[in-house]
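The structure appears below as C-alpha cells.
The values are calculated or read from the model by the stated rules, or taken from the named source; none is laboratory data. Quick caveat, the model's predicted, so the values are computed rather than measured. Glycine also receives a Cβ, built like all others from the backbone with ideal geometry; neighbour counts cover every protein chain displayed. Remember, those area values only see protein heavy atoms, side chains included, never the ligands or the DNA or RNA. Shrake-Rupley method; radii C 1.70, N 1.55, O 1.52, S 1.80 Å.
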Amino acid sequence: MLEGLLADPNRFLFFTGKGGVGKTSLSSATAVVLARHGRRVLLVSTDPASNLSEVLATPIGSSPRPVNGVFGLDAMDIDPEAAASAYRDRIVGPYRGVLPDGVVANIEEQLSGACTVEIAAFDEFTRLLTEPDATAGYDHVIFDTAPTGHTLRLLALPGAWTGFLDTNTAGVTCIGPMSGLTQAHDSYRLALDSLADSTKTSLVLVTRPEIASFEEADRARRELAAIGIGSQHLIVNGMFTSDDSDDATARALAELHADAMTSIPRGLAELPRDTLPLLAVSPIGADALARFLEGHRTSTVDETINFPGATTSLDAIADRIAERGHGLVMTMGKGGVGKTTIAAALAVDLARRGLPVTLSTTDPAGHLAGALAGDDALPESLVVERIDPDAATAKYTAQVLADAGAGLDADGIAVLEEDLRSPCTTEIAVFRAFAATVGAALDRIVVLDTAPTGHTLLLLDAAQSYQREVERHQDQTSDDVARLLTRLRDPEYTTLLLVTLPEPTPVHEAAELQADLERADIRPAAWVANQTLTATDTRHLVLAERARHEQRWLADILTRHDRLAVVSWQATAPTGADALSALIGRTPSAVAV
C-alpha cells in the first residue's frame with residue numbers, strides 16, 4: 001500500500017519516470033483509491049501515446065468522463081491534435097475578414113507545424129493547473145505523464161515560454177502572432193508558481209528496482225528540483241523477492257533487484273519512499289488497480305508453458321541488414337521495452353562484421369553510453385553519436401543567422417534573433433538533425449534508437465509539417481529534409497523494428513504505432529518481443545504465471561505481423577560490446593507456430 005503517498009496527498013500529483021515502470025497503473029490506482037475514500041479526483045494523461053482507456057477499462061476522451069465502477073473519479077486525455085485545432089481557431093479567428101486573405105493564410109501556415117501541437121497541448125495542461133473553473137469540484141488532479149525526457153520538457157515549458165515572452169518585442173513567434181501567446185502569459189506565470197508550491201504540487205517519481213531506472217529518476221529529481229518542484233516522492237514498483245533457490249530465473253531476478261536497491265543514488269534515497277511487489281498480471285480495471293496497491297499477487301499456475309515460437313531471429317535480421325551493407329535501422333516502441341539495448345546489440349554485431357556503422361539516438365534521455373559501457377573494446381568501424389538538442393539548436397541558429405540574416409539591417413537581425421530564442425527552435429533543430437542522420441545511411445549503416453512512442457510520432461509527423469516551418473527561414477528545404485519521407489518509406493533503405501514486451505499495454509501501443517506508421521506509408525520490417533520469460537524454464541509461481549500470460553501476446557503479435565523475433569529474459573541488461581553481440585545469438589531459433 002502507498003502509505004506514505006496516500007497519507008496526506010497534495011492537490012496536484014505528477015507521476016513520471018522511465019518508460020515501462022508502471023506510471024499509468026500507479027497513477028490510475030492512486031486515483032481509484034482516493035476516489036473510493038470519498039475524494040473527488042480528476043485523472044489526466046499528458047502522454048501523446050496514452051493508454052488510460054485500456055488500464056481503466058473505460059473509454060476516455062479529451063474532456064472529463066466518469067470511470068466505470070468508481071464514483072467520484074473522472075479521467076481524460078489531453079488530445080494534442082484536438083488542442084492544436086482549437087488553438088488555431090482561437091488565434092486565426094479574430095483576423096478573418098479583417099486582414100487580407102493572403103496574410104491570414106500565412107498565419108495558418110505558421111500554425112500548421114508540430115510546434116503548434118506541442119504548445120496547444122501545453123496550454124491545455126496549463127489551463128488545468130491554473131484555472132480554478134477548469135478543475136472546480138475536484139479535490140485532487142493527478143497527471144499521468146509521458147516518459148521522463150518528454151515530461152521534463154513539459155514541466156520546463158512554463159519557464160521557457162515565460163522567459164521568451166518577457167523579452168520578445170517583435171510581435172511574431174514560430175507559432176504565430178505574439179497576441180496569441182501574450183494572453184496566456186499570466187497563466188504561464190501561475191503555472192510556474194503552482195509547480196513550485198510544495199503545499200499544492202507533488203512529483204511522484206516511479207522506478208523499477210533497476211540501476212538504470214534509478215539513475216533516470218535521480219536525473220529527473222535534480223532537473224525538476226532546479227525549476228522549483230521540491231515536493232517529491234519515490235515509488236519503487238515491481239520489487240521481486242524469492243526464497244526459491246532451485247529456480248535459476250527467480251534467484252537471478254531477486255538478486256538483481258536486491259543489488260539495485262543498494263545502489264540508489266543518495267539524493268533519491270533521501271526522498272519519502274513506497275515499495276510495491278512484482279505482480280503476475282498487469283492490473284486492468286478499477287478493482288484490479290485497487291488491489292495493485294495492496295500488493296495482490298496471482299499465485300497459482302497449473303499448466304506447462306508452451307513456447308509459441310517465432311518466425312525470425314535477431315541474427316537473421318542482422319544478416320539481412322549486412323547483405324545490403326548500408327541503410328537505416330530504427331528501433332521504435334513504448335518507453336522501457338529495450339529499444340536502446342536492441343539497437344546497440346545490432347550496431348555492435350554489424351560493426352564486428354567489418355561494416356561501417358553509426359549508432360545514434362533521438363531520445364532526450366538517451367542511454368547509449370550505459371549500454372556500451374564495459375571493458376571490452378568497441379569495433380573500430382562503429383561511430384557512436386547522439387542528437388543533442390542543445391548542440392543541434394546552436395548549429396541551426398548559427399545557420400539561420402548566416403543564411404536568412406545575410407543582408408538584413410540591425411533591426412531585422414534583432415527580430416530574427418528574437419524569433420530564434422523561441423522554444424520551438426529546438427524542435428525544428430532536432431528535426432533537421434534527425435533528417436541529416438537518416439540521410440547519412442546512404443553509404444553506411446545507421447542504427448537509430450528512437451525516443452518513446454509519443455515523442456517519436458511527433459518527430460515523424462514533423463517530416464511532413466516541419467518543411468513549412470523550415471522554409472520560413474531558408475529559401476529552400478535541405479535535401480535531407482526533402483527526401484526524409486521517401487527514405488523512411490523505402491524498405492530497401494529503412495529497416496524499422498517495433499520493440500515491445502509480451503504484455504498488453506506495450507503490445508497494444510506497438511500495434512497503434514504500426515497503424516500510425518502505415519497511414520504514412522511506413523511499414524515495420526519486424527517486431528521484437530524483448531525480455532520474455534516464456535523462453536526461460538522458470539517454475540516460480542509468479543514468474544511462471546507471467547510467462548503463461550505472455551503467450552497470448554506473442555500469438556497476438558503474429559496475427560499482426562508475420563516476422564517476430566523473441567528475445568529471452570536476461571538477468572541484467574547486456575552492457576559492453578561482448579554482451580551486446582552475444583544477445584544477437586540468444587534469440588530462440590525460428591520455429592513454426
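With the simple model of a label 7 Å out from the Cα in the direction of the Cβ, Arg324 to Ala196 spans 5.0 nm.
I need the calculated FRET efficiency for the pair Val415 and Glu492, taking r as the beta carbon distance and R₀ as 41 Å, to the nearest 0.05. Using R0 = 41 Å, I get an efficiency of 0.40.
Take every Cα-Cα pair in region 347-440 and report what % of them are more than 23 Å apart. Everything past 23 Å amounts to 42 percent.
With a 1.4 Å probe rolled over the protein heavy atoms of all chains, the accessible area of Lys200, Lys395, Lys339, Lys334 falls in the order Lys395, Lys200, Lys334, Lys339, largest first.
Pull up the cross-link candidates among the lysines for Lys23, meaning alpha carbon to alpha carbon under 23 Å and not fewer than 8 places away within one chain. Those lysines meeting the cut-off are Lys200, Lys334, Lys339.
Put simply, the amide H of Leu43, placed in the peptide plane, has neighbours under 5 Å in Asp74, Ala75, Met76, Ile142, leaving out anything fewer than 5 places away on its chain.
Please list 263-271, 540-548, 573-581 highest first by mean number of surrounding beta-carbon atoms within 10 Å per residue.
Answer by packing, highest mean first, reads 540-548, 573-581, 263-271.
Multiplying the residue separation of Asp139 and Arg96 by 0.36 nm and subtracting their alpha-carbon distance yields 11.4 nm. Considering every alpha-carbon pair of region 483-593, the percent of pairs per 5 Å bin, from zero through the bin containing the longest distance, is 2, 11, 19, 20, 18, 15, 9, 3, 2, 0, 0. If R0 equals 25 Å, the separation of the Cβ atoms of Asp8 and Asp243 corresponds to a calculated FRET efficiency of about 0.10. Set the Förster distance to 25 Å, then compute FRET efficiency between Arg291 and Glu131 from the Cβ-Cβ distance, nearest 0.05. After rounding to 0.05, the efficiency reads 0.10. Rounded to the nearest Hz, the phi-derived 3J(HN,Hα) couplings of region 543-557 under the Karplus curve 6.51 cos²θ - 1.76 cosθ + 1.60 (θ = phi - 60°) are 5, 5, 5, 4, 5, 4, 6, 4, 4, 4, 7, 5, 5, 4, 4, where x marks glycine and proline. Across region 479-489, computed HN-Hα scalar couplings (Karplus, 6.51 cos²θ - 1.76 cosθ + 1.60, θ = phi - 60°) run 4, 5, 5, 4, 9, 4, 4, 4, 5, 5, 7 Hz from first to last residue, x flagging Gly and Pro.
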